[in-house]
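Below is one structure, written out as structure tokens; the observations come after it.
Each value in this text was obtained by applying a stated rule to the coordinates, not by laboratory testing. The shown structure was predicted, so the numbers you read here are calculated from the model rather than taken from an experiment. Using ideal geometry, Cβ is built from the backbone for each residue, glycine included, and neighbour counts are taken over all protein chains shown.
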Amino acid sequence: PGSSNPPRPGTQTCQPAPKIKNPPILSPISRKLSLLTHPNASAPIDLPKPPTTVYCSSDSDTCTTGPYYDKMPRNAPPDLTGTQTTCPLTFKWNKTTMESKTLRYLDDGSIELFVTQVGDPAEGELQLTGGACGICSWDIVTAKLGSAMFPMAPPGHEGVGYVSKIGPGVTGFKEGDRVAGGGFATVRNLSSQRVYPIPNSDLADEHWIVEPVACVVTGLDHTNLNAGETVALVGAGFMGQLLLQGLLHMPVGELIVLDIVDARLELARQQGASETIDISQHDVDDLAADLKARGIDVVVDASGSQGGLDLSADIVKSGGRINLFGWVKGQKAHFDPTKWHLGGFTIVNSSPSSKIRNTFPPAIKLIDAGVFDLRPLVTHTAHLGGYPSLMEEILAGDGSYVKGVINLD
């Protein structure tokens, strides 16, 4: 008490405090909390970050910090370890907290932005700051349907960021490393086992969204493609375009790309697709018959729709293979069991959960090598505060949208 300058984070000395019965406790809401000693004490000084509770004991001349959650509301972050000693006392914070901006999806699908506190990384963890996070189709359907989409999307899972702190026991990383991991949070702690180093690169953060590429690597792993086979790709949205990039580097005999949006097909042509078909411009039955006659060995269904699944079953050759990559979101889909039985084709689920290896490392290698290139695919970016508005544009049917990325600076 009486000091004219706020102390630096880490230590603060107080004078012996008079005994006070049932002393008041300071609110944790403010970033700066005053040191309370006695009503007759000189003007209190401000405590530095991180926020902490300071009060005097009623049974001895001691001052106490925390533990934070013993005396605070339940939503206060329990990440400050308290110490207690006889005055004069030196306060020592065993952990610091960082303010993190993040979001959550509400039951009606709206996006709530809020601020939370993130403590130091625990053993085996890394703290990531900044970077970017991609908007997944799961995010879009959750924003559209709210809790009717089950399960609802987590608050982002396509993150890239920068190592700002390293927890005990973690090796192989240094502060400042750019890595893949995390979601829509400006500061987040993650297990180092879920974080993957990104090599030095001139690509912007929004073009290092690794997670969807890792999903595509799983899809390609399940293609079981033989050299020279004919492949049809149903669906040319963002994930379809990534699949196309991968297939163009494989020994495909013929590659046919199908969609109902001409702008997506034009993008596919720009990326190297030699044959594209706008399904909306054809009678579906006639088109299916024509394609069936071409002996399509493998159909990769990236449409995530009932119509795409039906078309895939109609055009694959007898004994062929359907790679079911897209997620028909919802509780039910249907199929014609007789068509499937008589067609004799094999269907493989190539969702991310079906991975046969850890696909993040090869995804990073292939982005670095230029096999996968997000630059022509990321059409929309925004900062975190602009995410709700961007989502409104997406749900309104912006025809130019392929992929959105949120910057977390």
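Ordered by the number of other Cβ atoms lying within 10 Å of each residue's own Cβ, fewest first, MET149, MET250 fall into the sequence MET250, MET149. With R₀ fixed at 41 Å, the C-beta to C-beta distance from LEU113 to ALA369 puts the FRET efficiency at about 0.65. Highest average first, the peptides 129-139, 326-336, 365-375 ordered by how many other beta carbon atoms sit within 10 Å of their residues are 129-139, 365-375, 326-336. Straightening the chain between ALA333 and ARG294 buys 11.3 nm, computed as 0.36 nm per residue apart minus the Cα-Cα spacing.
Between LEU395 and ASP278, the simple spin-label model (points 7 angstrom out along Cα→Cβ) gives 3.0 nm. Once the Cβ-Cβ distance of GLU254 and ASP286 is raised to the sixth power relative to R0 = 22 Å, the FRET efficiency obtained is 0.65. When you restrict to C-alpha pairs under 8 Å that are six or more residues apart and normalise by the size of segment 126-228, the relative contact order lands at 31 percent.
Of the residues THR142, GLY109, VAL160, the one whose Cα sits farthest towards the positive end of the charge dipole of segment 106-198 is VAL160 (charges of +1 on Lys and Arg Cβ, -1 on Asp and Glu Cβ, taken about the Cα centre).
Distance from the alpha carbon centroid of segment 211-227 to that of segment 290-348 works out to 17 angstrom. In whole angstrom, note down how far apart the Cα centers of segment 233-263 and segment 124-201 are. The distance from the Cα centre of segment 233-263 to that of segment 124-201 comes to 28 Å. Summing +1 for each Lys or Arg and -1 for each Asp or Glu among the other residues whose beta-carbon sits under 13 angstrom from that of LEU309 gives -1.
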